[in-house]
Amino acid sequence: MLEILQIPVLNDNYIYLVHEPNGWATAAIDPALAEPVLQALDERGWKLTHILNTHHHGDHVGGNLELKRKTGCAIIAMGRDKERIPGIDVEVAEGDLVSLGHAEARVLDVPGHTSGHIAFWFAEDLALFCGDTLFGLGCGRLFEGHAREMWDSLEKIRSLPGQARIFCAHEYTLANGRFALTVEPENPALLERMDRVQALREQGLPTVPSLLADELAANPFLRPDSPAIRQRLMMPNAQDWQVFAEIRRMKDEFVG
Ligand code: ZN
Ligand code: FE
């Protein structure tokens, strides 16, 4: 079993440390900063062996070079984006396997938020590290991709087991949920989820990770096939990706 440590940094980012106890391997996923990672490693006596980057944004790669310099770890990221990943050592692509001690992650190519965005799927541990692709009750903005591309990426995630834990890179669930309620106000799973999310945030606790099954039931960006959403958006016969595109457009204009 992997040990997964969640480190909150900056305003709302999460860095993850993934430790494989039998192989002494430890990966930092999307280290925005080096210092909190070094401190957490120190406290646990772990040695950093890998950095896994989901995409090139500064709040996901900011700690790469300092961590590499201080620990000698290997940096693994999408080959297609190698010019934008500081210190990249190992270039990966869709379907590649990344070994972390005895554990293994499969690379999913999930463009949309950025053109070179990937996710890491630890199937045995039911853990998905998806960066800024899927969020609690939301999804990433389309900075470099078309809605159709992002929808294909989300479809890949939709096909994972419902018990998959979604380790996304930001604590956005509460704000996302307020928007989600405008899209599907009567969805009982969403109403129930918002109660849970609000209670967690009031106690200062993270709402991440969430279960994929819960996202499928409540996250409007995974539900363009919902009859209630299609009726509300007056898009009864559109394709799923077109309904998704409209929900994304509404979110971009939403003032919470
Ligand atoms: Zn980003
Ligand atoms: Fe981000």
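The values are calculated or read from the model by the stated rules, or taken from the named source; none is laboratory data. Owing to the predicted nature of the structure, the values given are computational and were not obtained by experimental measurement. Quick reminder, even Gly has a Cβ in these numbers, built from the backbone with ideal geometry, and neighbours come from all protein chains shown. Note: areas computed on protein heavy atoms with side chains; ligands, DNA, RNA excluded. Shrake-Rupley method; radii C 1.70, N 1.55, O 1.52, S 1.80 Å.
Highest GNM mean-square fluctuation among Ala123, Ala147, Ala199, for the chain modelled with Cα contacts below 10 Å: Ala199.
Among 31-38, 108-115, 238-245, sorting by the average number of other beta carbon atoms lying within 10 angstrom of each residue, highest first, gives 108-115, 31-38, 238-245. Taking every DSSP helix (H) stretch of at least 4 residues in the chain, weighting each as -39,500 (n - 2.57) and dividing the sum by the residue count yields a mean residue ellipticity at 222 nm of -10000 deg cm²/dmol.
Share of the chain's accessible area from carbon and sulfur, percent, 1.4 Å? Accessible surface attributable to carbon and sulfur in the chain totals 51 percent. When +1 charges are put on Lys and Arg Cβ atoms and -1 charges on Asp and Glu Cβ atoms, the dipole computed for the chain relative to its Cα centre reaches about 240 debye.
Assuming a ≥ b ≥ c are the square roots of the Cα gyration tensor eigenvalues, decide whether region 207-256 counts as rounded (a/c under 1.5), prolate (otherwise, with a/b larger than b/c) or oblate. Show your work: numbers first, answer last.
Numbers: a/c = 2.31, a/b = 1.36, b/c = 1.69.
Taking the square roots of the gyration eigenvalues as a ≥ b ≥ c, region 207-256 is oblate.
Taking a straight line from the alpha carbon of Lys68, these lysines sit under 25 Å away, with near neighbours fewer than eight places off in the same chain left out: Lys47, Lys82. Semi-axes of the equivalent ellipsoid of region 3-253 are 31, 19, 15 Å, computed as sqrt(5λ) over the eigenvalues of the C-alpha gyration tensor in descending order. Looking at the chain alone, DSSP beta bridges between its own residues are antiparallel in about 70 percent of cases. Summed over the residues of region 3-253 and divided among them, the accessible surface reaches 42 Å² per residue at a probe radius of 1.4 Å.
Taking the Cβ of Glu104 as the center, what net charge do the other residues with Cβ under 13 Å away carry, scoring Lys and Arg +1 and Asp and Glu -1? Provide the component values of the computation, followed by the final result.
On the way: positive: Arg106; negative: Glu20, Asp96, Glu124, Asp125.
Summing Lys/Arg as +1 and Asp/Glu as -1 gives -3.
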